[in-house]
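Below is one structure, written out as structure tokens, with a few remarks after it.
The values are calculated or read from the model by the stated rules, or taken from the named source; none is laboratory data. Predicted model only: the values in this text are computed from it and were never measured. No Cβ is skipped: glycine too gets one built from the backbone with ideal geometry, and neighbour counts run over all protein chains shown. Keep in mind that these areas ignore ligands, DNA and RNA; they rest on the heavy atoms of the full protein, side chains included. Shrake-Rupley method; radii C 1.70, N 1.55, O 1.52, S 1.80 Å.
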Amino acid sequence: MDVFVEIIPETHARQLRVIVDNRETRLHALWLRERSPDAETLDPRTGQRLIEAAALPLDLALVEASCRGDRIHLAFSDGHHADFALGDLVPASSDVIHEHWDASLAELPSADFERALEDDGALAAMLESLERYGFVKVRGVPLTLDGMMPLVERLGPLRRTNWGGIADVKSIADAYDLTMTQRGLEPHTDNPYRDPIPGYIWLHCLSNADSGGDSTLADGFMAAERLRRQDPDAFDCLTRISTRFRYVDDSAHLVSEGPLIELDSRGEVVRVRYNNRTERIPPLPPEQLERYYAARRAFFALITDPELTLTPKLAPGEMLIMDNYRLLHGRTAFRLSQGVRHLRQGYVDRDTTASRRLILRRQPSIHQPDAPSSSLQESA
Ligand code: OGA
Ligand code: ZN
């Protein structure tokens, strides 16, 4: 590994240049100072910050920078010295990269229920796949009503809603939600009318219909990036206009707002929302609505495009775990001449799921993910 560090004079010595194997990273003096790994700056037990970062001088500069092996030594204009591990300053290449996919995805990311329950390595692989692709298909789930529960418990609590914990998805006579009919469901994200919106959907099949009832899956990040390229105005509109989602029954009145495509401060797509059944946009100025409707149509065309859609059919004992901030899922209509189509659905939060994945990464015996091999990556 080839490492080079220097203070950048043109920045009034407020930036450090680090070059590792020809890859340059520039770091701000304050950013370095406030994470200085010593007992005065960070509490040694918790790693939490002791100094008041917002009170550091805004013109703080670097006065000395050198490196030896994988250690970087710095001195600051406030007299402070710090000794960093290179790996703490320059991001590791093993961070998961979201791999955007379309209908040509050769193999569905999958996992085995029993193995993920019993073996940390298998659980880690399942969670890394979920992070990379936004979904994973799990085989061998017990055919009991709460069969998914032991695996849920490996990650964190089940999210309880007004529908309870693990709930039925099954056609019933007096359906209080369209999911409980035999109707097909257009690609959607679940429950955008909640706050917070459920992070992961666990959809477990106990029995499926003889004909129809296939699942549909589309990568919302892929669709959003396509829209950004094909129709930048539509993309811009869907990231700026907040729509509203609403669910009302006898005992619940849930309302939440947000854009169909949500970006972070770097312009990266971090969440999609889409739920035709429950969307109720406020009466915005008609010119805005006109733009919104055209943009929504363009996005809908992408999320229903067969070229972007996978159509696996769940068999009894199979389960999909889906990232509800990324994936659009649905089902084809079904007709029951006999039997019943019975799925069970639960929600698990994002923070506890990510926490388990990151804790498992700390175990040295677990194989770390490597860079994606597929050519599907489409991110900008
Ligand atoms: C739902 C749903 C999928 C299915 O209930 O929100 O997406 O296969 N169901 O029935
Ligand atoms: Zn759904």
Inset, instruction - Mind listing whichever residues of segment 285-312 are within 25 Å of residue 332 (Cα to Cα), among the acidic types (Asp, Glu) and either modelled with pLDDT under 95 or open to solvent by 90 Å² or more (accessible area, probe 1.4 Å) (or both)? - result: 307
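Looking at segment 35-45, can you tell me whether even one residue there is in a helix (DSSP H, G or I) and in contact with a strand residue (DSSP E or B) (Cβ under 8 Å, 6 or more places away or on another chain)?
No.
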Legend entry - Scan of segment 200-237 for residues that are assigned to a loop (DSSP other than H, G, I, E, B) and surrounded by fewer than 19 Cβ atoms within 10 Å (Cβ to Cβ), ordered by number: 210, 214, 231
Legend entry - Leading residue by the ranking (farthest from ligand 1 (Cβ to nearest atom)) among those in segment 163-185 that are part of a strand (DSSP E or B) and out of contact with any Gly (no Cβ under 9 Å at 6 or more places or on another chain): 164
Legend entry - Residue among 276, 324 that is within 16 Å of ligand 2 (Cβ to nearest atom) and under 28 Å from residue 140 (Cβ atoms): 324
Inset, instruction - Consider residue 176 carefully, then state whether it is away from ligand 2 (no atom under 11 Å from the Cβ), open to solvent by 20 Å² or more (accessible area, probe 1.4 Å) and closer than 14 Å to residue 247 by Cα. - result: yes
Inset, instruction - Return only the number of the condition from (1) open to solvent by less than 30 Å² (accessible area, probe 1.4 Å); (2) part of a helix (DSSP H, G or I) that residue 359 does not satisfy. - result: (1)
Inset, instruction - Residue by residue through segment 274-326, note down the ones that are touching a helix residue (DSSP H, G or I) at 6+ places or on another chain (Cβ under 9 Å) and more than 19 Å from residue 239 (Cα to Cα). - result: 277, 305, 308, 309, 317, 319, 321, 322, 323
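Considering every residue within segment 150-157, establish whether at least one is within 16 Å of ligand 2 (Cβ to nearest atom) and within 30 Å of residue 250 (Cβ to Cβ). Step through it out loud before you land on a result.
Here is the first cut: in segment 150-157, the ones within 16 Å of ligand 2 (Cβ to nearest atom) are none.
No, segment 150-157 contains no residue that is within 16 Å of ligand 2 (Cβ to nearest atom) and within 30 Å of residue 250 (Cβ to Cβ).
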Inset, instruction - Within segment 116-128, identify whether any single residue is outside any loop (DSSP other than H, G, I, E, B), of a type in the set (D, E, K, R), crowded, with 17+ Cβ neighbours inside 10 Å and at pLDDT 95 or above, and answer yes or no. - result: yes
